[in-house]
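To start, the structure itself, in structure tokens.
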Amino acid sequence: MKKVLSGFIFCLFSMNSGIAQNSTGQGNLEVVASFDKSQPIGVSVSSTNRVFVSFPHREPYLFGLTEIVKGKMKPYPNHKWQLTMGNEQEHYVNVQDIYVDTADQLWVLDSKPAPKSSIFGGSSAETEQEGKFKLIQFDLSNNKLVRIYNFEDLNKGSAALNDVRVDTEKGLAYLSDPGQAAIVVLNLETGKTRTVLGNSKFTLSDRNIVLSYEGRAMRDKDGNPFSSNVNGIALTKDNRWFYFKPINGVNLYRIETKYLADESLRDIDLVEKVENVAEVGVTHGLVADKEGNIYLTNSLDYSIRRVTPDGKIELIVQDPRLLWPDSLGVGADGYLYFSCAQMHLLPQWNGGEDKVKYPFEVYRVKVL
């Protein structure tokens, strides 16, 4: 029997999870920037509190990646990278996620999966059989391009790279891949990848969970419910713990990065190293702060919560404007910055009707 999870059901689930629920009330929700009809996805913040926001290639398409300066979009690193024609190694194709690491390197995941592998589907007119993927490194000290990784050894027909986190200690990037229901580990020195924990109980979505909003299940034109395997990921600032979970799943998992870095370990060994952190319900984006808290966004009840190092779940903010809160970044100013992608209100999930509440916005709330 399929379970239709709504905000009401999630709240009941949380109260019965056996984990303390606290409302921190640490600040008011503030608008950082508005984007009219441009849909913000990725958000990340540098050590000097520079705020970056990325946009997928959906019309109206203005920029793939921007820095927010005094509430306005500034194309990053320049206008050339925002072009839609020419050498794809010199412009963005479809920016899916961004991440500023502990060395203030900005990593841009440019990911356009094959339509059959994308969790958001694709146009029937698209004939492309393989996805296009690259990871771009910029040095924020001078805004210069450092390197581009092209995932030559990745299965581009099945992959759907979604989020990225970078381990500056081990020289590795960890990426969620809902297309392959796996974690991809990229060696930043060699450019080679390994795909781990594929199709495990930790990375596969629960197909019995159907997201529902205002009494209506989130389904496409063919009646298929939205479903995502492993999606949101987080890396603690000490590079020790890697957190992950599917959207359509209720458990948050983690594994020590030393195991992900050990190439001698097979999946049968790695599954024994995965820890079940807590039951957190349906969530989207994840991020860690300097104190080891893990923040999770939830579209079902318009909220953001965090799991503390001692296992408590705390409510950070709950507001009707949090329409599919998605990617997050924690600033040096103690604010949590995040996008609201309104994914469930797009036409493809509403019989062709656009239910998005414009303008799209990025918000912040004080957390530290």
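Annotations for the structure displayed:
- Qualifying residues in segment 72-117 (those that are among the polar types (S, T, N, Q) and either in contact with a Ser or Thr (Cβ under 7 Å, 6 or more places away or on another chain) or assigned to a helix (DSSP H, G or I) (or both)) - the one most open to solvent (accessible area, probe 1.4 Å): Thr102
- For segment 230-242, the condition of being within 26 Å of Thr297 (Cβ to Cβ), open to solvent by 20 Å² or more (accessible area, probe 1.4 Å), in contact with a strand residue (DSSP E or B) (Cβ under 6 Å, 6 or more places away or on another chain) and of a type in the set (Phe, Trp, Tyr) holds for at least one residue.
- Of all residues in segment 206-222, those satisfying the criterion of being farther than 19 Å from Ser118 by Cα and assigned to a strand (DSSP E or B) are Ser212, Tyr213, Arg216, Ala217.
- Among (1) out of contact with any helix residue (DSSP H, G or I) (no Cβ under 7 Å at 6 or more places or on another chain); (2) closer than 30 Å to Asp222 by Cβ; (3) part of a loop (DSSP other than H, G, I, E, B) - the single one Val356 does not satisfy: (1)
- Selection over segment 128-159 of residues that are assigned to a strand (DSSP E or B) and not aliphatic (A, V, I, L, M) gives a count of 9.
- Boolean, Gln180 is touching a residue at least 24 places away in the same chain (Cβ under 8 Å), farther than 30 Å from Lys80 by Cα and surrounded by 14 or more Cβ atoms within 10 Å (Cβ to Cβ): yes
- Pair list, Cβ < 6 Å and 6+ apart or interchain, from segment 197-223 residues that are touching a residue at least 60 places away in the same chain (Cβ under 8 Å) and more than 18 Å from Gly281 (Cβ to Cβ) to residues that are in a strand (DSSP E or B) and open to solvent by 20 Å² or more (accessible area, probe 1.4 Å): Arg219/Pro225
- Lone qualifier among Val307, Val287, Val271 - being in contact (Cβ under 8 Å) with a residue 40 or more places away in the chain and in contact with a Leu (Cβ under 6 Å, 6 or more places away or on another chain): Val287
- Single residue of Thr203, Thr190 found to be open to solvent by less than 10 Å² (accessible area, probe 1.4 Å), closer than 19 Å to Thr257 by Cα, outside any strand (DSSP E or B) and out of contact with any Gly (no Cβ under 6 Å at 6 or more places or on another chain): Thr203
- Only residues that are under 22 Å from Ala160 (Cα atoms) and open to solvent by less than 20 Å² (accessible area, probe 1.4 Å) were counted across segment 48-71, and they come to 6.
- Some residue of segment 10-30 being open to solvent by 10 Å² or more (accessible area, probe 1.4 Å), modelled with pLDDT under 95 and charged (D, E, K, R): no
The values are calculated or read from the model by the stated rules, or taken from the named source; none is laboratory data. Everything numeric here is computed off the predicted structure, so don't read it as measured data. Don't worry about glycine lacking a Cβ; one is built from the backbone with ideal geometry, like all the others, and counts go over all protein chains shown. Accessible surface areas use protein heavy atoms only, side chains included; no ligands, DNA or RNA. Shrake-Rupley method; radii C 1.70, N 1.55, O 1.52, S 1.80 Å.
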